[in-house]
Structure formats: C-alpha cells, structure tokens
Amino acid sequence: SSPPEKAMVCFGNMFVELPKAQTREMLRQDQEQLDEEINNLRKELRVKVNRLYEAQGKCSHSGTFVGPGSRHTCQEEPEIPKL
C-alpha cells in the first residue's frame, strides 16, 4: 500500500506536514466558523444601519439605502418638531 497523501500546512511561522484528509477537515471546520462569524456580523450591521437611519429620521426597507433619488418612500414621515 502507498503512504497517505500529505499536505504542508502553515501554523504561524512553522510548516507542518499533515495527512490531506485531516487538512481538508480542518479547513472545512475553519470555513464553517468563518461563515458563521460573517453572517453574525452582517446581521449586526443591518441592526446598526437601521439605528442610524432612525437617528437621522429616515426609514429603511429591509436594509435598502434610502437616500436622495431613492424610489422608496417611508410609510410614516418623521415628525418635524415645531419651534
């Protein structure tokens, strides 16, 4: 039988030779974790953008930018305080 295929993997400033199957599994797990972190950051960003729009007296439609020239209109216009 032939020896298992190996892959060189860099950990910090050191290269380690590992079986390809183990390397592939490590990369898959890392990618899953990164995908989860990215999705969480996107959700947090949507919330923060909506808070920003509220603070500016604007509305958002599912994260869509509402600005000059936008075809979207708010259901309720923000009240303008009377001086």
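The values are calculated or read from the model by the stated rules, or taken from the named source; none is laboratory data. Please read all numbers here as calculations on a predicted model, not as lab measurements. Don't worry about glycine lacking a Cβ; one is built from the backbone with ideal geometry, like all the others, and counts go over all protein chains shown. Note: accessible area is taken over every heavy atom of the protein model, side chains too, but ligands, DNA and RNA are not part of it. Shrake-Rupley method; radii C 1.70, N 1.55, O 1.52, S 1.80 Å.
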Which of the residues belonging to region 21-30 are open to solvent by 90 Å² or more (accessible area, probe 1.4 Å) and aliphatic (A, V, I, L, M)?
-> Leu27
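Anything in region 7-20 that is outside any strand (DSSP E or B) and either surrounded by 11 or more Cβ atoms within 10 Å (Cβ to Cβ) or touching a Cys at 6+ places or on another chain (Cβ under 7 Å) (or both)? List them, or say none. I'd like the intermediate steps shown before the answer.
In the first step, residues of region 7-20 are kept if they are outside any strand (DSSP E or B); the result is 12-13, 20.
Of everything in region 7-20, just one residue is outside any strand (DSSP E or B) and either surrounded by 11 or more Cβ atoms within 10 Å (Cβ to Cβ) or touching a Cys at 6+ places or on another chain (Cβ under 7 Å) (or both), namely Lys20.
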From Arg71, Arg51, Arg24, Arg28, residue being modelled with pLDDT under 65 and either closer than 30 Å to Pro4 by Cα or among the basic types (Lys, Arg) (or both) = Arg71
